[in-house]
Each structure stands twice: as C-alpha cells, then as structure tokens.
Amino acid sequence: MMKYIALILLILPITIFAQEQSNILEATTDKNVFLFFPSPIEKALSGNGDFQFGYNTQTAEKFGVLKAVAAKGESTLHVITEDQSVYSFIVKYNPNITKYEYFFDTSNAVGSINGKKENSNPPLSASHPEDSNLELGRKITEADYFEAKVDNVAKEDISFCKKLLEKGDYYKNIYRSKSDVVLKLTNIAYKDDKTFICLSIKNDSPVDFDLNFIQFNKIAKKASKKANYQAIEISPILESSYQTFERIESMTTKSAVYVFQKLSIDKNKLVNIEVNEKQGERNIELPVDYKLINNPNSNY
C-alpha cells in the first residue's frame, strides 16, 4: 500500500501535457488485450478492481496485459515506463471488443516525471506491429496474463494452485447439479495463512454455460431458504486465484482454484458456494460443511 501511495505522490507534481482526447481502452473478461510501449514498464496502477493490468515485475518488458475482472464499469490506468514517461488511460468494459493490441510511442504520453515531454514519431498502427522497434524477445502466451503483474507471494500462490489441480480430485462426492451442469468441490488446502478452494464445473448439456458470478457466503446451517438470514460474503484474492470460471463450453469440464485469507468457521455455520448463470437459470448452490473448511487436506 505504501508503494502505491508513494507512486501517487510522485505522479502529482509532474508536468501534464494537454492531449486532444483521452486514450480510451476497451477490455473484456474472456480475452486478453496487449499494450505495447516504447520503453519497458516500471510501474502501473489501475483505478479499481474491475480491471487488471499485468506486466513482468522481474524482468522489465515493453508490453503488458489488460483484462476485465468484472463484466461492468470503467476505470483508469496509469503506466510509468523506464524513460519516466507517464501514460494515462480510461478503461471501459466491452463484451464485444474488436481490438486486441495497442501500440504506443512517447507522443501518447501525457507527461514526464522529469517535467518535460520528449519528441517522438507518430503513433504506431495496431495493424502493423512489424513497423515498431519493440524488442519482445519471446512469443506472448495466455500464461502471461495469469503470471504477469503479481508479486512474488501471488506467484507462489498460483504455483501452488497448479500443483493442487495436478494432484486431481481429493473429494469425490461433494457436488450439486442442475440441468446437466455439475458444480463439484474437489479439494481444500491451507498454506501460508491462506485457504485454497478447488472447484470444477462439468457441463454435459448442449448449451454453453456462461458465468454471471460466483459467490462465497458464510451462513447458518439451519437457515431456512424461506426466511431471512444473515449471509456474510467472503471474497477471494483475485491475483492469487487461478483459472477463475468464465465460460464452460458444452460437453467440457473446467477447474479453478479460489484463494482466501485463512478461513475457519463455527460448527453451526457452513460456506455456501453459489454459481449464477448469465442469461440463464441453471443456478447452483453447493454447501460446504465446517469440518471441511476447518480440516483442509494436508496431503500435498
């Protein structure tokens, strides 16, 4: 947090240069959007949690990956490159994006931390990336999004998530289903003050299943569905979670790991996992007993 505060304070005194119009980026939840800069990325800060911008924090590179976390809203994104140029964007959610690469040069910067703006050539066209002088060094893959802008702790969490999925299902018969869609709890593990909940969704229907939301709530065991009861939502750590659900295509199974700060619950409560379908009614609730939450699998 202190790093982000220091970054904000550093941006405030810089000289801002007027632009004819704001740089507007569009992002969606199921596709990656790549941003290419003339200088390696040093820092980046998004305005809220509805969007994530990933970049390599270990070896400075000239590209980053933008993706929407929630199917809504808009945010801001500020990027500082190693030449001290500052780039400012408005990011908007669009489920039907048509542009997946943006190429920038220093003329697109709104200012410089050094207080001056360098001269540069006209912006590069996204349709002609071969015209740029970017030294990418390697092919960009889907893994760049999952492991881009995460700190060392989150990288370790993601590595552990992969390990859990590779181990296969620890629980065999904890599931709920509706209309040939099966939500299954496959594992719960605990490591470094975090709880890892592994889930799978199997879609045996001829219709794709698009996730509207997945929600985790602590509720009382004896709460009646017809009565009002207090549900306490528990939110996963998105940057540490792995392969979170979006679309489960017909006749396929997908697995995901949701990571939480240490979970423990009273014996009279349970964790209710709710999966809600977008533009559909195949909604599923899976109750998880306190015994499973408080006694996670240690065989990993």
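List of remarks:
- Failed criterion for Lys92 (all others in (1) closer than 20 Å to Gly47 by Cα; (2) out of contact with any helix residue (DSSP H, G or I) (no Cβ under 7 Å at 6 or more places or on another chain); (3) at pLDDT below 90 hold): (3)
- For the stretch 180-193, the set of residues classified as in contact with a helix residue (DSSP H, G or I) (Cβ under 9 Å, 6 or more places away or on another chain), part of a strand (DSSP E or B) and farther than 17 Å from Ile273 by Cβ consists of Lys191 only.
- Within the stretch 45-83, the set of residues being open to solvent by 10 Å² or more (accessible area, probe 1.4 Å) and under 19 Å from Ile113 (Cα atoms) comprises Leu45, Ser46, Ala60, Lys62, Thr76, His78, Glu82, Asp83.
- Test: residue in the stretch 22-30 that is over 15 Å from the mean Cα position of the chain (by Cα), open to solvent by 20 Å² or more (accessible area, probe 1.4 Å) and at pLDDT below 80: yes
- Verdict on Glu281 being touching a strand residue (DSSP E or B) at 6+ places or on another chain (Cβ under 6 Å), farther than 16 Å from Asn187 by Cα and not hydroxyl-bearing (Ser, Thr, Tyr): no
- Among the residues of the stretch 240-282, those that are loosely packed, with under 14 Cβ neighbours inside 10 Å and not in a strand (DSSP E or B) comprise Glu249, Ser250, Met251, Lys262, Ser264, Asp266, Lys267, Asn268, Lys278, Gln279, Glu281.
- Annotation: of all residues in the stretch 211-250 being aliphatic (A, V, I, L, M) and over 17 Å from Leu199 (Cα atoms), the one that is modelled with the lowest pLDDT is Ala227.
- Hits in the stretch 157-197 - residues which are open to solvent by 60 Å² or more (accessible area, probe 1.4 Å) and at positive phi: Ser179, Asp180, Asp192, Asp193
The values are calculated or read from the model by the stated rules, or taken from the named source; none is laboratory data. Computed from a predicted structure; not experimentally measured. As a convention, Cβ positions derive from the backbone with ideal geometry for all residues, glycine included, and neighbour counts pool all protein chains shown. Quick note on the areas: whole protein, heavy atoms, side chains included, nothing else; ligands and nucleic acids left out. Shrake-Rupley method; radii C 1.70, N 1.55, O 1.52, S 1.80 Å.
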